[in-house]
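I have placed the structure first, in the form of structure tokens, so that the comments after it can refer back to it.
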Amino acid sequence: MSGNYLPFTAPCLSCICVPVNIDFLEIENLVNSMLSAKRLASGANMTSLEQQMDLLIYHLYGLTYDEVLIVDPQTPITSDENEK
């Protein structure tokens, strides 16, 4: 590391896990929705969109509901929602 930047080389990238069982377009669309909502109203309630993103990320890494509760014990996501 030099100048507070990580080198961008193959060995550095080889340890990054990128799941292939997710629709990245769905994540992109959700991020765009969140950005649009913030542009329209800086104080916009993002709770619903944030919960959708959380669920996508949990699915991205294949978390079980018990694992979700470890990550976020206060999650409003139900077991049924996580299993979909």
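The values are calculated or read from the model by the stated rules, or taken from the named source; none is laboratory data. It should be emphasised that the depicted structure is a prediction, and the values quoted were computed from it without experimental measurement. Positions of Cβ are backbone-derived with ideal geometry, glycine not excepted, and every protein chain shown enters the neighbour counts. Heads up: the accessible areas ignore ligands, DNA and RNA and are worked out on the full protein's heavy atoms, side chains in. Shrake-Rupley method; radii C 1.70, N 1.55, O 1.52, S 1.80 Å.
Quick look at the numbers
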| item | result |
| --- | --- |
| Relative packing of peptides 51-57, 29-35, 39-45 - highest average C-beta neighbours within 10 Å first | 51-57, 29-35, 39-45 |
| Probe 1.4 Å, accessible area per residue of the stretch 20-75, Å² | 70 Å² |
| Chain lengthening between residue 63 and residue 35 when straightened (0.36 nm per residue, less Cα-Cα) | 7.5 nm |
| Tail weight of P(r) past 18 Å, computed on alpha-carbon pairs of the stretch 28-84, percent | 38 percent |
| Distance (nanometres) between label positions extended 7 Å along Cα→Cβ at residue 26 and residue 75 | 1.4 nm |
| Dipole magnitude (debye, nearest 20) for the stretch 35-84, charges at Cβ of Lys, Arg, Asp, Glu | 420 debye |
